[in-house]
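Beneath this line is the structure, given in structure tokens, with notes to follow.
A short reminder: the numbers here are calculations on the coordinates, not readings from a lab. Model, not experiment: these values are computed from the prediction. For neighbour counting, all protein chains shown are included, and Cβ atoms are generated from backbone atoms with ideal geometry for every residue, glycine included.
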Amino acid sequence: MISPEVLRHLYNYNYWARDRQLAACAKLTNEQFTRTLGGSFALLRDTLVHIAGAEWIWCERWNGRSPRVFPKGEQFPDLRALEEYWRGVERDVRRFVGGVTEAALAQPLTYTNVAGEQWTYPLGQAMFHLVNHGTYHRGQVTTLLRQLRAEAPGLDFLLMQDLKATAGG
């Protein structure tokens, strides 16, 4: 089982890495941001929308709701719209993660996925899954940024630690 403290640290990393990629995306034109490139999701925008949407849907599940629809890329005409949405999701996720207890992490979480199937996992595993999911898709974002010949910032967990240490906190 993962401790609440370690989980909070992982979510801090999650949003640190997200912010580095969003900063790289801010240097792109909207045409680049919405260009068809291929992969699991055809557009860089849609890959980021998937990550943000997964955070939203899991936070909803943690709070006893089971949404059946993910946000669609077309809902976000540009990076600014996506970032505004994602900051709201982050606020809700951080609020939940900040208050989670060790006892709560061991409790079963039952939800219905978007296909209508019911699943049950310990809450702690579901919360760990979401960070891992984000890491997986950020790797795809890195590939898409490189295909666009754009900066793809380093996202290693230890890089975050090094940068914090050199910044004095």
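One table, with the values for the structure above:
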{"quantity": "Test for THR142: is it polar (S, T, N, Q) and either over 16 Å from PHE41 (Cβ atoms) or assigned to a loop (DSSP other than H, G, I, E, B) (or both)", "calculated": "no"}
{"quantity": "Failed criterion for ILE2 (all others in (1) more than 26 Å from LEU158 (Cα to Cα); (2) more than 16 Å from the chain's Cα centre (by Cα); (3) not polar (S, T, N, Q) hold)", "calculated": "(1)"}
{"quantity": "Failed item, numbered, when LEU158 is tested on (1) surrounded by 11 or more Cβ atoms within 10 Å (Cβ to Cβ); (2) assigned to a helix (DSSP H, G or I)", "calculated": "(1)"}
{"quantity": "Given (1) of a type in the set (Gly, Ala, Ser); (2) in a helix (DSSP H, G or I); (3) under 27 Å from PHE157 (Cα atoms), number of the condition ALA81 does not satisfy", "calculated": "(3)"}
{"quantity": "Only one of THR47, THR29, THR36 that is surrounded by fewer than 16 Cβ atoms within 10 Å (Cβ to Cβ) and under 21 Å from GLU83 (Cβ atoms)", "calculated": "THR29"}
{"quantity": "Condition broken by LEU44, with the remaining ones in (1) without any contact (Cβ under 8 Å) to a residue 40 or more places away in the chain; (2) closer than 22 Å to PRO153 by Cβ satisfied", "calculated": "(1)"}
{"quantity": "Identity of the residue in the range 105-128, touching a residue at least 60 places away in the same chain (Cβ under 8 Å) and assigned to a helix (DSSP H, G or I), that ends up farthest from ALA24 (Cα to Cα)", "calculated": "ALA106"}
{"quantity": "Residue list for the range 8-53, restricted to those being among the hydrophobic types (A, V, I, L, M, F, W, C), in a helix (DSSP H, G or I) and over 11 Å from the mean Cα position of the chain (by Cα)", "calculated": "LEU10, LEU22, ALA23, ALA24, CYS25, PHE33, LEU44"}
{"quantity": "Single residue of GLY98, GLY88, GLY73, GLY116 found to be surrounded by 14 or more Cβ atoms within 10 Å (Cβ to Cβ) and of a type in the set (Gly, Ala, Ser)", "calculated": "GLY73"}
{"quantity": "Complete set of residues in the range 115-163 that are of a type in the set (Phe, Trp, Tyr) and touching a strand residue (DSSP E or B) at 6+ places or on another chain (Cβ under 9 Å)", "calculated": "TRP119, TYR121"}
